[in-house]
Amino acid sequence: MPIVKIDDTDFTVEKGTSVLQAALANDIEIPHYCYHPALEIVGSCRMCLVKVEGMPKLQVSCNTFVGDVPSDKKIDGKYDMVVSTQDELVQQEQKNMLEFLLLNHPLDCPVCDQAGECDLQDYAFKYGNAHSRFEEDKRVRPNEYLGSQIVINHNRCILCSRCVRFTREISGSSELFVEARGYNSKISVLEEKPLDNLLAGNVADICPVGALLSTDYIHKNRIWNLDKQPSICQDCSVGCNVDVFHQKDQILRLTPRENHSVNKFFMCDKGRYGFHRFEEIERLTVPMIMSEGGFIETTWDEAIEKTVDELNGAGKGIAGIASPFHTNEANFMLGRLVNGNVGTLPPITSEEINYPSGFRISGDRSPNRHGMNDVCPSIVDDFASAVERKDIRFLYLLDDGIDRELNELWKGMLEKIDFVVVQSYAMTDVSKCADIVLPGQAPFEREGTITNDMGRVQWLRPSVTTKGESRPDWEIPMLIQSKHAGVEGLTDVSSVMNEMGKDFAAYSDITFFRLGDQGLPLNGKAEE
Amino acid sequence: MATIVKSYEPTFWDRLYLPALAKGLAVTLKHFFRKKITIQYPDEKYVPPDGYRGLHRLNKYPDGKIRCVACEMCSAACPADCIHIIPGPSPWEDGKERFPVRFDIDLLRCIFCGFCEMACPEEAIELTEIYDFSNYTRDDLLIDKEGLLGVYELTKDTNYYSRPNAGQDSEALTSDKF
Ligand code: SF4
Ligand code: SF4
Ligand code: SF4
Ligand code: SF4
Ligand code: FES
């Protein structure tokens, strides 16, 4: 394999690796704008210039590839390529390029939402000149809407064309193009074809500067005020890896997190803006019990006691409804509580969308159907239609959440059962049919593992704290089960994972530590 | 190694105490005829020099628009973490897109270091010469946007304390202005 020397260090790289890739993979910074690992290389920004020994001019490192050189032509008898990123000429050229890029730039970082995570800001600070020699009037253009969610500030655009390539290569919808030439060029859309595909939000992420902005986040906060929590999107069964940006228990935005086994670099807008629907809900934070006049608040002790009493009285007539919206741990504890007699509600689906780049938005809107089926092996789909209901006297239901609407069949069934426990975070359609409602966690409060539809187990981490007296979703069935069976309860979610591993071999080696940021594939035993 | 310090043995003159008394009185007498530097506060107000770091204000443009663009540089620079800003889109079509919807300063935490005015790219926040803004409750020492703009009106033209009726105004400032 070729050996490349970058500055003073030698690296052995695959043949055909670009100098920029080789450098980035080894934590050597070469400033760059137009290069994005998911997109075609165009070499247009000229920011990534390096000096390559034997070449008369500086080369763009994103488009210069390391190849095998015949042994008699090797430099110093050893290297296939010798690169300098710190050469004086390189440094001067970086200064010049930045000066060009900033000619018409408004330098309005104080009002720019990208400030703090802006490549232009960072590189200008690190590699640029501290002053500008441009004395003429700057070119000023008004902001424009490219689609319903994306605004462009033309003045900040550096015409790297990442956004254009994204719509061509990733979403395949080709809405964006560069209009006009030279000094007059700008990013544009056709009026009859605005940027309104379901991946549009990604262009704001890949724009290296603050030119493309999401209307959802614009002027809302500053990036350094927000805490970033790596987590998993819970809006479909693909399970895109995301970063949740939040402040004071309020979520402000979601951005995709790189995971080459799942979503690569992107996420869809359903997931990106999906968190808003949990903002306005009236959160259920205390246990509620049905009495003559309707629901009244009660304490946890009483609620659990009552549930255990009913459970004891029901004898063999107990069943549970697992939820593909809940973690493996919650479903596992539910399965234990009802002796594996588990069903589900009908699935919530939408159309599956496949993009030319391979990006997929699943038709199954629930994040953990695979995992639920793994840890509740004898599960009955659409329970109400499938099961003779007169022998069930106690039903423990994990609620899917606010997106769930109940059909008449289900309502009728729930009415007939003597005692229905619903674990939910809001007064949903389902909670209203309960005899007792136990407050669990809302989606961004949950912690545990979820398994996506390709069988990859991922760590769902909580981004906001659990509200009020609500308890972790796995803990509530655990408390009831341990009290019912008279055994000692489990103390934390890791011990639940441990127990789960004992029962289901596929999950036996799963720990948070091993899952890390990227998750693990199931070892295949669960499918047997 | 021990050092032996000899104690001072007062002489006869020292023990008389009269020369010391005379010396002390001489100082008193000297000051007796000098110009008085005591100020009869609060009847008379001390006028701080330019650059004094007192109560904050939020500046406006001559046309009345707020200079601040809610960039939160000041709150990032603030070592006491006492500036709280909620930004939003600006209500004006003047090219400045951002605007502070809320701008609160917790004066109890502020250490009047002036980092906020140094950090501000818009020259929007400034510390004024006002120093006597004590109050009876903690809540009244949380100053909001309206309060800060009010301080601007009070201080924009002249030094707050060199105005003719400075004494009366400061009463108004401490109670309802914040
Ligand atoms: S794009 Fe970057 S450099 Fe330009 S104003 Fe925004 S933060 Fe500053
Ligand atoms: S809008 Fe952003 S991504 Fe698109 S060309 Fe301009 S700088 Fe590049
Ligand atoms: S003067 Fe210092 S402590 Fe007070 S608000 Fe400004 S930066 Fe913060
Ligand atoms: S006062 Fe200045 S530094 Fe503070 S938010 Fe406003 S413009 Fe930014
Ligand atoms: S990153 Fe190499 S030319 Fe733009």
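Here are some notes:
- Listed by chain and number, the lysines placed with their C-alpha closer than 16 angstrom to that of A:K483 are A:K306; residues fewer than eight positions away on the same chain are left out.
- This ranking places A:E14, A:E144 by how few other beta-carbon atoms lie within 10 Å of each, fewest first, which gives A:E14, A:E144.
- By average C-beta atoms within 10 angstrom, highest first, the peptides A:352-359, B:143-150, A:455-462, A:122-129: A:455-462, B:143-150, A:122-129, A:352-359
- Cα→Cβ-extended label distance, 7 Å offset, between A:E169 and A:T465, nm: 4.4
- Ranked A:D509, B:D132, A:D400, criterion: other C-beta atoms within 10 Å, fewest first: A:D509, B:D132, A:D400
- Of the Cα atoms belonging to the stretch A:221-336, the radius of gyration and Dmax stand at 19.5, 57 Å.
- Inter-label distance, nm, simple model (7 Å from Cα along the C-beta direction), B:F32/A:Q92: 7.9
- Debye log10 I(q)/I(0) for the stretch A:431-475, one point scatterer per Cα, at q = 0.17, 0.29, 0.30 Å⁻¹: -0.59, -1.02, -1.05
- 0 to 90° range, to nearest 10: angle between helix A:328-337 axis and chain A longest Cα axis: 10
- The spread of Cα positions in the stretch B:33-76, taken along each principal axis and listed from longest to shortest, comes to 55, 28, 17 Å.
- Within chain A, A:C48, A:C62, A:C109, A:C112, A:C118, A:C157, A:C163, A:C207, A:C236, A:C268, A:C376, A:C433 have no other Cys Cβ under 4.7 Å of their Cβ and so lack a disulfide-compatible partner by this rule.
- Shape summary: the stretch B:1-51 maps onto an equivalent ellipsoid whose semi-axes, from the alpha-carbon gyration tensor, are 42, 22, 8 Å in decreasing order.
- For the peptides A:224-236, B:36-48, the ranking by packing is A:224-236, B:36-48, with the highest mean count of neighbouring Cβ atoms within 10 Å listed first.
- Between A:K78 and A:E302, the modelled label-to-label distance comes to 7.9 nm, taking each label 7 Å out from Cα in the direction of the beta carbon.
- Amide H within-cut-off set for A:S231, under 5 Å, with H built and near neighbours excluded: A:V242, A:D243, A:V244
- 14 Å cut-off, amide nitrogen to a point 7 angstrom out along A:D418 Cα→Cβ, residues in the stretch A:280-318: A:307-318
- Charge dipole of chain A (Cα centre as origin; +1 on each Lys and Arg Cβ, -1 on each Asp and Glu Cβ, all else neutral): 1140 debye, rounded to the nearest 20.
- In the elastic network of chain B, a GNM with C-alpha springs shorter than 10 Å, the most mobile of B:Y152, B:Y61, B:Y160 is B:Y61.
- Degrees between helix A:475-485 axis and first principal axis of chain A (Cα, 0 to 90, nearest 10): 30
- Over the stretch B:72-128, relative contact order from alpha-carbon pairs under 8 Å, at least 6 apart, %: 36
- Once the Cα-Cα distance is subtracted from the 0.36 nm per residue extended length, the A:R181 to A:T511 segment shows a gain of 113.3 nm.
- Counting only DSSP beta bridges with both residues in the stretch A:406-528, the antiparallel share comes to about 60 percent.
- Estimated Rh, the protein assembly as shown: Kirkwood, alpha-carbon pairs, angstrom: 31.1
- Degrees separating the helix A:300-314 axis from the principal Cα axis of chain A, which is the longest one: 60
- For chain B, the relative contact order is 24 percent, taking Cα pairs closer than 8 Å that sit 6 or more residues apart in sequence and dividing their mean separation by the residue count.
- Most mobile listed residue (B:T128, B:T28, B:T158) in chain B, GNM with C-alpha springs under 10 Å: B:T28
- The stretch A:116-242 - Rg and Dmax from Cα coordinates, angstrom: 16.4, 55
- Dividing the convex hull volume of the alpha-carbon atoms in the stretch A:417-528 by its residue count gives 150 Å³ per residue.
- Most simply put, the protein assembly as shown has about 75% antiparallel DSSP beta bridges, counting only bridges with both residues inside it.
- Largest-first ellipsoid semi-axes for the stretch A:180-271, taking √(5λ) over the Cα gyration tensor eigenvalues, angstrom: 26, 18, 12
- Per the Kirkwood formula applied to alpha carbons, chain B shows a radius of gyration over Rh ratio, Rg over Rh, of 1.27.
- Its relative contact order, with pairs defined as Cα atoms under 8 Å and 6+ residues apart, puts chain A at 10 percent.
- Cα-centred dipole magnitude for the stretch A:314-453, charges only on beta-carbon of K, R (+1) and D, E (-1), debye, nearest 20: 360
- GNM result for chain B, Cα springs below 10 Å: residue of B:P100, B:P121, B:P19 fluctuating most strongly: B:P19
- Considered as an equivalent ellipsoid built on the Cα gyration tensor, the stretch A:1-105 has semi-axes of 25, 15, 11 Å, the largest given first.
- Kirkwood hydrodynamic radius of the stretch A:72-127, from inverse mean 1/r over distinct Cα pairs, in Å: 13.9
- FRET efficiency, B:S134 to A:Q247 (Cβ-Cβ, R0 35 Å, nearest 0.05): 0.60
None of the figures in this text is laboratory data; all of them are computed from the coordinates on show. Just so we're clear, the structure is a prediction, and the values are computed from it rather than from any experiment. As a convention, Cβ positions derive from the backbone with ideal geometry for all residues, glycine included, and neighbour counts pool all protein chains shown.
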